[in-house]
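Any read-out appearing in this document is the output of simple, stated calculations on the displayed coordinates, not a laboratory observation. All values derive from a computational prediction rather than experimental measurement. Cβ atoms come from the backbone with ideal geometry, glycine included; neighbour counts cover every protein chain shown.
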Amino acid sequence: MIRVELKQTYFFLIIPLLIILFMVFIARYSGILYQGEVESNRLISISVLILASLFSLGVPVFYRTLFVTKIKNRKSISTEEFLKFEKTLILIALISPYFVIAALLLNLPKFFSTAVVLIAIYAVYYYYPSEKRIKFEKRIFRIKE
């Protein structure tokens with residue numbers, strides 16, 4: 001049950017991303033969007049990279065730390081509490097792939113675009129609610145069912 005709900009949340013966030021990415025690629029290759037690399041403002045490029053990194057790595061770690069601190073003296077937590085935590089964690093982490101769209105639309109230099117794509121791939125891969133990951137998390141947080 002937990003895994004099914006988490007997968008629904010995950011795909012609810014991923015499917016619009018894939019549709020928008022597909023539309024941006026179609027627009028770029030049909031000539032509607034400029035394909036060349038623009039001398040993008042370095043501040044914008046760095047900002048997009050930092051924001052993608054924060055939502056993929058920093059904020060999820062911070063949120064997890066807050067959650068662990070909140071429940072540290074408890075013997076177990078409820079399934080609902082765990083589900084809310086995991087859904088929020090997935091939501092935070094999957095903001096990161098949307099910065100790929102920003103990188104494409106802003107024509108960021110290849111270095112920054114590639115870095116944003118790699119960070120997004122990490123977020124999409126790591127936060128996928130696989131059975132193995134859910135079992136591990138349930139054991140760590142001592143979920144009572």
Percent of Cα-Cα pairs more than 22 Å apart in the chain, please. 47
Could you please state, rounded to a whole Å, how far the C-alpha centre of segment 113-145 is from the C-alpha centre of segment 18-97? 12
Based on DSSP H assignment, which helices of the chain show an axial Cα extent of at least 27 Å together with a mean Kyte-Doolittle hydropathy greater than or equal to 0.5? 2-29
Given Cβ point charges of +1 (Lys, Arg) and -1 (Asp, Glu) and nothing else, what value in debye, to the nearest 20, does the dipole of the chain about its Cα centre take? 820
Fewest-first ranking of Val68, Val59, Val4, Val48, using other Cβ atoms within 10 Å as the exposure measure: Val4, Val68, Val59, Val48
